[in-house]
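Read the structure below first, then the notes.
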Amino acid sequence: MVRVSQSALEMALNDFRELRYTRAVVSLFESFLVAKSLEARPGDGEATIEQVNDAVTRLFVLDASNPLGRLYPFRYDWLNLNDSGRKTVWNNTTRGSKLATSIFKNEGVRRGEDIRNGLRSDASVIVSDALAERGHRRPSAEALICLLLRDHEFSANSDWRDAERVLLERFALTADDLENVSIRPSPGCPLLGSPEWDLARLPDSLAPPAAVRSVAVGQQTTASSPADELEPVILDRRVERMLRLAVTSYRFVMLVGPPGTGKGRLVRWIADEVAGDPTALGFGEGFRPDPVWITPDDTWSAFELIGGLVPAEDGRLRWSNGFVPDALCQNRWLVLDEANRADLDRIMGPLLTWLAEEEVQIGRTDPHSGVPILLGWSQSGSSMMESDDVGRSMRFLAGRDWRMIGTYNPQDAMRVFRFGLALSRRFVVVPVPTISPGQFDELLRTQHPGIEDPVLVAILGLYSAHYSDPETSLGPAVFLRIARYLEPGTESNSLAEKLAEGYVLSVGKYLATYGDETLQMLGSRILDDEEVCTEDQWQWVLSQRHTIS
């Protein structure tokens, strides 16, 4: 007896990953499968929360050891498995009229359509019609088989037809039901084969991610570094590892990602980590980065960064340090926050050779009799300024522990400056992407443990709508602010209004930059989710967008 093969399961997961259903349709399809699973396992009386939780675990939990081990197949994401059935099926099929309730009977002791009343006889037709109406492709029958029967023990000579018969029996489905909710492409691989499926073998693109974690920053920061302790740094496992290794191994590091992903807070966090235990990250004992924070802008020239000649009290021109020599004199890191707001290709042109770790002359102490001013590199850990013994030059030396770190927002690339290849290849780039909605869900619950379900669902819906398009994708910090706005307590009858207000306060400045087509598509995604925003509140949001812009 054998289970489905690794190649078959990966084929199925790739099929699910392409579906990207709206949240309302996800709830409808999952509720259909859960209800069918309960029909095939009749219990005493009506469905209960416990039965729904158990059914969701059987159907969708692939990694019980991981908090984010619950597959969300029709939108391809991974959710917290704790009480997942209540949050994703039960609440959507027992609380008011929604798309997910349309497949259930409206009869018996329960008022309205409700999972406890049982499925309608035409439930699969309703699912099919909902998919067609919204332009969604149906999943393949093979994908459903591999997911729902992943742990079934097949005889060694079983094929897809044998597996289909097991599926129909296991889920009380008719052939017409399966035809309504799936398509039948030619499978690209056999059902069985070696090796059998193993979660550990899944590629990163398909596997459940580690839950993000948040940590406080500010313990080691100084007055020169901005602080916002209300918004902790959000750490994704891979981003954390890449940032640690980049700062350990390279002198010039650029963090790139959309607004709200916490790039600046990540810089403060890694500086705190180095200050707390420098030798553990390869820096000298007792070293403190104590970063100098600057935000370039479009008025900058090379003078701000490098320095130049300025009139002295005697009227003569004398050298004045820019930010780079100043930071080296103080043995402090230099942080260029929102670096692409200045034309750094032009500004840093004189430094390109130095960025390649070669010495370069940046000026003279005065225009006639002055000595050359050099930027170079030291073999020691510390940065410093030194003059040669006979006063023939002044040298600013970057030590092994010195770093220049920048942050860059690619969504601003059309409105501000891009980096040319000559400059960008001097920096190692650490991508700081937005986290998945499933990871954001976990983070939101952690940061706001007392959050009410309707508020959580609404904020998560807004986050998901933005996440679905790279043009509108924003980091979690932006949406955590909405939770803070609603946290003091929100009556159910004012939730829609307060949610719209919190959304405008936190996201309005970004909405003002979107084109009409982008905004229309975003509105369609938001309004498709029944628990996120009403049409009248969305129109109010749009009216505020014009005021802000």
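The values are calculated or read from the model by the stated rules, or taken from the named source; none is laboratory data. Computed from a predicted model, the values in this text were never measured in an experiment. For neighbour counting, all protein chains shown are included, and Cβ atoms are generated from backbone atoms with ideal geometry for every residue, glycine included. For the accessible areas, the whole protein counts, side chains as well, though only heavy atoms, and no ligand, DNA or RNA atoms are used. Shrake-Rupley method; radii C 1.70, N 1.55, O 1.52, S 1.80 Å.
Among the protein heavy atoms, those of D326 account for about 60 Å² of accessible surface (1.4 Å probe, every chain in place).
Summarising the strand pairing of the chain, around 50 percent of its internal DSSP beta bridges are antiparallel.
Taking the C-alpha atoms only, the angle from helix 160-170 to the longest principal axis of the chain is near 70 degrees.
At a probe radius of 1.4 angstrom, the accessible area of the range 36-77 per residue rounds to 43 square angstrom. Only lysine pairs 8 or more places apart or on separate chains count here, and in the chain those with Cα atoms under 26 Å apart total 9.
Annotation for E517 and L505: the two label points, set 7 Å from Cα along the Cα-Cβ direction, are 3.5 nm apart.
With a simple spin-label model that places each label point 7 Å from the Cα along the Cα-to-Cβ direction, the separation between N14 and R445 comes to 3.2 nm.
In loop segments of the range 251-328 as defined by DSSP, the GluC sites (Glu not before Pro) with at most 10 further C-beta atoms inside 10 Å of their C-beta are E285, E313.
Surface exposure of the range 457-549, expressed per residue as accessible area with a 1.4 Å probe, stands at 46 Å².
Rolling a 1.4 Å probe over the protein heavy atoms leaves K87 with an accessible area of roughly 40 Å². Ordering P73, V4, W269 by Cα displacement along the dipole of the chain toward the positive end leaves W269 in first place; charges were set at the Cβ atoms of Lys, Arg (+1) and Asp, Glu (-1).
Of L167, L317, the order by accessible heavy-atom surface (1.4 Å probe, DNA, RNA and ligands excluded), from most exposed downward, is L317, L167. Extension gain, D162-R110: 0.36 nm per intervening residue step, less the Cα-Cα distance, totals 14.8 nm. A convex hull fitted to the Cα coordinates of the chain yields 185 cubic angstrom per residue. In the context of the full protein assembly, L178 retains an accessible surface of approximately 0 Å², using a probe radius of 1.4 Å and ignoring ligands and nucleic acids. Of the solvent-accessible surface of the chain, computed with a 1.4 Å probe and all protein chains present, 48% belongs to carbon and sulfur.
Between the beta carbons of E386 and D297, assuming R0 = 35 Å, the FRET efficiency works out to 0.65 to the nearest 0.05. For the chain, the relative contact order comes to 13 percent (Cα pairs under 8 Å, sequence separation of at least 6).
Placing R0 at 45 angstrom, the Cβ-Cβ distance between A356 and S155 gives a FRET efficiency of 0.10 after rounding to 0.05. The charge dipole of the chain, taken about its Cα centre with unit charges on the Cβ atoms of Lys, Arg (+1), Asp and Glu (-1) only, comes to about 580 debye. Among the GluC sites (Glu not before Pro) in the range 29-116, those placed in a DSSP loop whose Cβ has at most 13 other Cβ atoms within 10 Å are E107.
Of D314, D469, the order by accessible heavy-atom surface (1.4 Å probe, DNA, RNA and ligands excluded), from most exposed downward, is D314, D469.
Computed over protein heavy atoms with a 1.4 angstrom probe, the accessible surface ordering of L245, L281, largest first, is L245, L281. Shape summary of the range 39-155, radius of gyration then Dmax from alpha carbon positions: 15.2, 46 Å. Once the Cα atoms are used to define both axes, helix 495-511 deviates from the longest principal axis of the chain by about 40 degrees.
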